[in-house]
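Working notes for the structure below.
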Amino acid sequence: MKILLIGPIGSGKGTQGEMLSEYLHLPLISVGQVLRDLSPDHPWFGEINKAMLAGNPAPQDKVASLLKEIVAGKEFERGYIMDGWGRALEDWQYFDPDYDKVIVINVSPETSVSRLSTRRTCESCGAVYNIVSKPPKVEGVCDRCGGVLKQREDDTEEAVKRRLEIYNNETVKTIDRFRSEGKLIEVDGEGTAEEVFEDIKKHFVK
């Protein structure tokens, strides 16, 4: 089964993706993490990093090439959960995973800005925390690997608003497409992570 997670920044896609990955025993692919993990020696690093810091999408053709290489791995034969690819119809020209289900997590713009201003990411392993709703056990230290937690440069208010604008412009047609195909699952992301996940689980009864 191949599942796509869609939602504005701060909607909790990463957290829900991790929980759903464990629940369904499917690997999670975070496109944002894939791009942030690019080595500075990679030929596309400069172009992709510049776009991300400005709050703009990375070049679709290059992202598609990276994802195709990843999903060709044996561990993805049973399927996967994708966070961050397929929000725009133009994406399909480069890579169409043929998703079975598409989960849209809806939150208000105010919630996005609020959550992003308190989000912290581990510099070492990429784990994501929120100092209000999901704080680490030790302030500034990752529970998972002991790495340093920092606020990402693309979590500034200006970059957040730019990314929200892009999201709203891109996703309307995509959501309508999946709704017409009967693949769309819409959930309210304003509650706690546990409440949102309980809503999602209803659509994946084992």
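Residues checked against (1) surrounded by fewer than 20 Cβ atoms within 10 Å (Cβ to Cβ); (2) under 21 Å from Asn169 (Cβ atoms); (3) not charged (D, E, K, R):
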| position | (1), (2), (3) |
| --- | --- |
| Leu24 | yes, no, yes |
| Asp37 | yes, no, no |
| Asp41 | yes, no, no |
| Glu47 | yes, no, no |
| Asn56 | yes, yes, yes |
Note to self: Of all residues being assigned to a loop (DSSP other than H, G, I, E, B) and basic (Lys, Arg) in region 128-160, which is farthest from Ala54 (Cα to Cα)? Just the residue, please.
What the structure shows: Lys137
Item checked: Verdict on Arg163 being closer than 18 Å to Gly12 by Cα, touching a Gly at 6+ places or on another chain (Cβ under 8 Å) and either loosely packed, with under 15 Cβ neighbours inside 10 Å or of a type in the set (Lys, Arg) (or both) -> yes
Next item on the list: Specify which of the listed residues (Leu53, Leu89, Leu28) is touching a helix residue (DSSP H, G or I) at 6+ places or on another chain (Cβ under 8 Å), farther than 29 Å from Asn130 by Cβ and touching a residue at least 40 places away in the same chain (Cβ under 8 Å).
Entry: Leu89
Margin query: Here are the criteria: (1) closer than 19 Å to Val34 by Cα; (2) touching a residue at least 40 places away in the same chain (Cβ under 8 Å); (3) not hydrophobic (A, V, I, L, M, F, W, C). Tell me which single one Arg120 does not satisfy.
Written below: (2)
Next item on the list: Could you pull out the residue among Ile200, Ile185 that is in a helix (DSSP H, G or I), at pLDDT 85 or above and either closer than 22 Å to Leu24 by Cβ or under 17 Å from the mean Cα position of the chain (by Cα) (or both)?
Entry: Ile200
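Among the residues of region 163-173, what is the count of those that are among the polar types (S, T, N, Q) and touching a helix residue (DSSP H, G or I) at 6+ places or on another chain (Cβ under 6 Å)?
Applying the first criterion (among the polar types (S, T, N, Q)) to region 163-173 yields 168-169, 171.
Within this subset, residues satisfying the condition of being touching a helix residue (DSSP H, G or I) at 6+ places or on another chain (Cβ under 6 Å) are none.
Total meeting the criteria: 0.
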Notebook entry, point to check: Between residues in region 181-206 that are within 11 Å of Gly12 (Cα to Cα) and residues that are buried (at least 16 other Cβ atoms within 10 Å of the Cβ) and among the small types (Gly, Ala, Ser), which pairs lie under 7 Å by C-beta distance while being six or more apart or on different chains?
Noted result: Gly189/Gly7; Gly189/Ser11; Gly189/Gly12; Ala193/Gly12; Val196/Gly12; Val196/Gly189
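Okay, residues lined up against (1) modelled with pLDDT under 90; (2) at positive phi; (3) in a loop (DSSP other than H, G, I, E, B):
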| residue | (1), (2), (3) |
| --- | --- |
| Ile81 | no, no, no |
| Ile105 | no, no, no |
| Arg115 | yes, no, no |
| Gly126 | yes, yes, yes |
Check: Restricting the search to region 130-167, which residues are modelled with pLDDT under 90 and either of a type in the set (Asp, Glu) or within 15 Å of the chain's Cα centre (by Cα) (or both)?
Finding: Arg152, Glu153, Asp154, Asp155, Glu157, Glu158, Val160, Arg163, Leu164, Glu165, Ile166, Tyr167
Notebook entry, point to check: Arg120: charged (D, E, K, R) and part of a helix (DSSP H, G or I), yes or no?
Noted result: no
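The values are calculated or read from the model by the stated rules, or taken from the named source; none is laboratory data. Worth saying up front: this structure is predicted, and the values here are computed from it rather than measured. Cβ: placed from backbone, ideal geometry, glycine included. Neighbour counts: every protein chain shown.
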